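Accompanying notes for the structure given below.
The values are calculated or read from the model by the stated rules, or taken from the named source; none is laboratory data. It should be emphasised that the depicted structure is a prediction, and the values quoted were computed from it without experimental measurement. Please note: Cβ atoms are built from the backbone with ideal geometry, for glycine as well, and neighbour counts cover all protein chains shown. For accessibility, only protein heavy atoms count, side chains too; no ligands or nucleic acids. Shrake-Rupley method; radii C 1.70, N 1.55, O 1.52, S 1.80 Å.
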Amino acid sequence: MIYQIHRYPVDLIDVVHLGDTGRVIIRPVLPQDQDLTARFFRDLSQSARYDRFLSPARQLPEDLLRRFTQVDYADHCALVAEVFADGAESVVGDARYVRTPNEPSAEFAVAVAEPWQGKGLASRMLAALMLQASASGIERFTGQTLATNERMLHLARKAGFAVRRSPDTRGLMLLERSISPAARNRGPVAA
């Protein structure tokens, strides 16, 4: 399979200072991030992995890891939040959307390592995704999470998503938000 980046969105690179926790770099993912991405998901707690994938998988399957790091930035946009400590880089957050074929909508997902939750990182990453999606002609974000995933439900409501129960799957919540050009001018979601 031939893989090609449509256009690497350097404008999505952001340096964030999170008080006493230091500096975090939010940037678009690259193909060479496979090891970092695999380690990030492997290091998430079992409950955090379950919240993100609705499955208790300990690690990402090879094909999914490739899809997570070989991003075209036309139909799939992915950001990582990374920190540097003791000469090594670590991913502490992942946010992405994938365009729904033949529709002006995309499904989004966000995951942040537990020690970094509650610091506004997920809000910043989601806001960046929404701006990129809007600029790419996407008009609506959809997502899903478990009814027990309080942090994700809080993030979604704070970011203006409509939250409703799935009519088909017990315990699943559906998230939806318009990201029309008017929403583009709202700026980052407050932390």
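State whether one or more residues within the range 142-149 are hydroxyl-bearing (Ser, Thr, Tyr) and either modelled with pLDDT under 90 or surrounded by 18 or more Cβ atoms within 10 Å (Cβ to Cβ) (or both). Yes, the range 142-149 contains a residue that is hydroxyl-bearing (Ser, Thr, Tyr) and either modelled with pLDDT under 90 or surrounded by 18 or more Cβ atoms within 10 Å (Cβ to Cβ) (or both). Taking every residue in the range 57-75 that is within 17 Å of Asp43 (Cα to Cα) and pairing it with any residue that is open to solvent by 60 Å² or more (accessible area, probe 1.4 Å), at least 6 positions away or on another chain, the pairs with Cβ-Cβ distances below 7 Å are Arg58/Arg42; Gln59/Arg42. For the range 150-162, a residue qualifies if it is in contact with an Asp or Glu (Cβ under 9 Å, 6 or more places away or on another chain), under 18 Å from Tyr97 (Cα atoms) and open to solvent by 20 Å² or more (accessible area, probe 1.4 Å), and the qualifying residues are Met152, Ala162. Of the numbered criteria (1) among the hydrophobic types (A, V, I, L, M, F, W, C); (2) surrounded by 15 or more Cβ atoms within 10 Å (Cβ to Cβ); (3) in contact (Cβ under 8 Å) with a residue 24 or more places away in the chain; (4) under 26 Å from Ser136 (Cα atoms), the one Ala38 fails is (4).
Scoring Arg42 on the criteria (1) within 20 Å of Glu107 (Cα to Cα); (2) in a helix (DSSP H, G or I) leaves a single failure, condition (1). When only residues in the range 76-107 that are of a type in the set (Asp, Glu) and in contact (Cβ under 8 Å) with a residue 40 or more places away in the chain count, which is surrounded by the fewest Cβ atoms within 10 Å (Cβ to Cβ)? My answer is Glu89. The combined condition, being surrounded by 18 or more Cβ atoms within 10 Å (Cβ to Cβ), touching a strand residue (DSSP E or B) at 6+ places or on another chain (Cβ under 9 Å), in a helix (DSSP H, G or I) and not acidic (Asp, Glu), is fulfilled by Phe68. Every condition in (1) farther than 26 Å from Gly171 by Cβ; (2) at pLDDT 85 or above is met by Gln4 except one, and the failing one is (2).
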